[in-house]
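Input: a single structure, listed below in structure tokens.
The values are calculated or read from the model by the stated rules, or taken from the named source; none is laboratory data. None of these values were measured; they are calculated from a predicted model. Cβ placement follows ideal geometry from the backbone for every residue including glycine, while neighbour counts extend to all protein chains displayed.
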Amino acid sequence: MNRAVVLLGGREQLSQLLETAVVRITLAVLFLVPLIFPIAQTGHPFGELKVFVLHLGTLLVTVLWLWQKTLQIHREREINRPIAVFRLLEWLGRSPARWTVVALVVMWIAQIASTALSPLPALSVFGSNEEFPGGNLYDSFALLIVFLIVAFKFRSRERLEQLAWVLIGSATIAAAYGIAQHFGWDPLGDRLEGRVPSSFGNTLSFGAYMAMAVPVSIAISLRKSSADWKLQLIFGLAVALQMAGIWFSASRGPFIGGMIAITLLFLGMVLVRSRAELIRSGLIAGIGLFGAAGIVFIPSSESSDGLATKLSIGSEGTNIGSGETSSDGGGGLSGRIQTWKNTLQPAQSWDVPQEESTLKRIVRPLFGLGPEMFAYSYPLVGDPHPDRHFTAHPHNYPLWILMGQGFVGLALLISSASLVLLSVWLSVKRIRSSVVRQPAVDWMLIAFAAALIGKLVETQVGVARISDLAMTFALAGGLIAITEIINSNVPGSASGERSTKAGFAMSARTMLRATIAGALISTVLAIWLFVGWDVRRLSASLDITFALRESDGSVSLSGLINAQEGAPERRNFTMQLSNLYFVGAQNAWDDNRVDDAQNLILDARKLLVEYERQDPYERNTQLALAKTSSTLVDWGFVEYTDEMRDRYLKLAVLFRTYPSLVSTSATAMARVGDNAMAIELAERAIATEGSTKPWAVAWYAKGAALINTGEFDLAIESLNTAIEKEPKSASARLAHSALAFIYKQRGETELFELHTEAASS
């Protein structure tokens, strides 16, 4: 008997150690994700370390959680406690908070179905666009784990306060760093002019995180400052830094979301707090507001953005991640509205860039295009684009979920948000009607709810990323935990009474074996996934970063090759190495080293073709392959003529709403002698001029094709139109050259000389 007691006590201690480890790892992850970033800005995405830390932490806590559950079942088996396997409906009861847990879990399961239906399932699992981590299946699993851990393991005042402190601490540090950037001091990264991204790499994410932190910072002061004016001043300073961070991010969405969050905070406090506490929180907010104003109006030579400019923010968030532009090309609300309008058109047709079965087309509205497949369907439909700005995100989180996960995913998202808000409202009513106040948690209920609603408002116009999504899911989980505390009989307790009904039961021995097997399998899978994916990719990033720092060209090239071979699925690695080969090929050709030029450009082509197998619709890859084939043809390797034609036709198909690329494809068709297709593509681009801009390149392409067919009069008309549309463009110069050719053939010397001179000038 004594031995049994000792064993049970030892297992209980181990279980508590695992519980503590799960909580502390989760807090560490939430603290580090917003703050950590690579000091070197070359070779890898800005958010790579954030994703690495999130994956490491969530996989680790998942495994520890499962082993803790195994110990719990083993303990219950030894004391002969009945073990119920499935009692979901009984557990749910009438609690909206618990239904929220189910809704989010089901949403992730539905995302698995969306991934299976994706045109590129592997990319939907691990992500296709590294600028926007958080939308793929792997990242979504990590965010779900954050939510579940907080919801189930943070059901005490102490742990919830620790979560609040993590948000406040990380936000204050990030705010201080962002302010330093504004004033020109950035020792850890590249200093930016004007709008500041802090440690987030993006101004929208930075501002959104500050908007969540402000109401929580104001609310926690009620617990800690009391009548101590020094503490009130410290909290006021933290709020000042956070407010100034929102201002310097110059992001309108976070600014509006933060204002709504603060307003809801005070409205909530009116319901559950005393007048004295309300006045004290107002004092903290006032100190923060005046402090922020003082910081904002400090003269700075690093930014010319004035007050009026800040209030009329319209441009996209500055992204220092990959260096690519993936925006809608139009800032402000008008740009967003145009993006949403174009997004709703793919949501009607559900077109994907490949042929698919009738069954997939039928179910696609239910489950969407697949996680992170939006960028591939957006160019297929919608209004023509006047430039080459490519949209990888609709700048609206519900639309993002709709496109990736369909109406099922959107319905589950709306249900989850509604259930959380309903839980908050019911909890507020319970607090107000209760004889016994619960001051330990009521401030957190109001603060977390205000912060979450402010964030939800911001996501209607912003781009949610890992750096702010992790805390968003944590706050949602915190509200679930608070609701469980409030609904319990004893403040701070975890839950209510446990039913004695067995439900769907399993023998203790079988249950234990199943749990151990599940824990072992999960451990192996977690190690395999993290080492095979996250560690491998980070190692490749380090290789390419060190390579780019080398002055020795051979060492640098070797490092780039190792990095690309280590992570061939990384688009930017392939693009960097292939571009290096391409530049080398151009230099060799200029030096009349024909064989070297051919070998190098074929090396570039080989890399691009290999990457194309896993991502056949990626824009930069297709552009590079088209350029490579056209260069080979220009150099006299006529065996690549058919490939050149196919490459440019593919561009015209994949990006049919981009007249600039359609026009370029038309020019390529004229060069390879497919004159009918050249004229067809040129006329498609020309037809968009009423809603976009003049396309001199399209008129030139049409004129060149007409020259090939001998229709000189029509060609002259098209070429002159090209010159009239954009007289100073490269296409106008080419049009002058083509006209000179025509007039030379006709023997019209004066016009020949006129256009020859115009072409040369």
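E618 meets the conditions (1) in contact (Cβ under 8 Å) with a residue 24 or more places away in the chain; (2) closer than 27 Å to I716 by Cβ; (3) not polar (S, T, N, Q) in every case but one. The failed one is (2). In the range 635-664, the qualifying residues are those that are of a type in the set (S, T, Y) and under 30 Å from the mean Cα position of the chain (by Cα), and the one that is nearest to L380 (Cα to Cα) is T657. Here is the figure for the range 132-177: residues that are surrounded by 20 or more Cβ atoms within 10 Å (Cβ to Cβ), touching a Leu at 6+ places or on another chain (Cβ under 7 Å), over 25 Å from D442 (Cα atoms) and of a type in the set (G, A, S) total 4. Annotation: I179 fulfils all but one of (1) touching a Gly at 6+ places or on another chain (Cβ under 7 Å); (2) modelled with pLDDT of 95 or more; the unmet one is (2).
The residue list F374, F407 contains one member that is closer than 20 Å to A116 by Cα and surrounded by fewer than 18 Cβ atoms within 10 Å (Cβ to Cβ), which is F407. Consider S418 carefully, then state whether it is without any contact (Cβ under 8 Å) to a residue 12 or more places away in the chain, in the same structural domain as G268 (by TED's automatic domain parsing) and in a helix (DSSP H, G or I). For S418, the condition - without any contact (Cβ under 8 Å) to a residue 12 or more places away in the chain, in the same structural domain as G268 (by TED's automatic domain parsing) and in a helix (DSSP H, G or I) - is met.
What pairs can you find where one residue is in the range 730-746 and in the same structural domain as E711 (by TED's automatic domain parsing) and charged (D, E, K, R), the other is surrounded by fewer than 20 Cβ atoms within 10 Å (Cβ to Cβ) and modelled with pLDDT under 90, and their Cβ atoms are less than 8 Å apart, with a gap of 6+ or different chains? Pairs that qualify, where the first residue is in the same structural domain as E711 (by TED's automatic domain parsing) and charged (D, E, K, R) and the partner is surrounded by fewer than 20 Cβ atoms within 10 Å (Cβ to Cβ) and modelled with pLDDT under 90, are R733/A758; R733/A759; K744/F752.
Quick check: is even one residue across the range 504-514 surrounded by 15 or more Cβ atoms within 10 Å (Cβ to Cβ), under 22 Å from T62 (Cα atoms), at pLDDT below 90 and touching a Ser or Thr at 6+ places or on another chain (Cβ under 8 Å)? Yes, that holds for at least one residue.
Evaluate the range 437-445: report whether one residue or more is assigned to a loop (DSSP other than H, G, I, E, B) and within 25 Å of L30 (Cα to Cα). No, the range 437-445 contains no residue that is assigned to a loop (DSSP other than H, G, I, E, B) and within 25 Å of L30 (Cα to Cα). Listed conditions (1) at pLDDT below 75; (2) over 22 Å from S488 (Cβ atoms) are all met by E90, apart from (2). Scanning the range 661-712 for residues that are crowded, with 24+ Cβ neighbours inside 10 Å and not in a helix (DSSP H, G or I) returns a single hit, W695.
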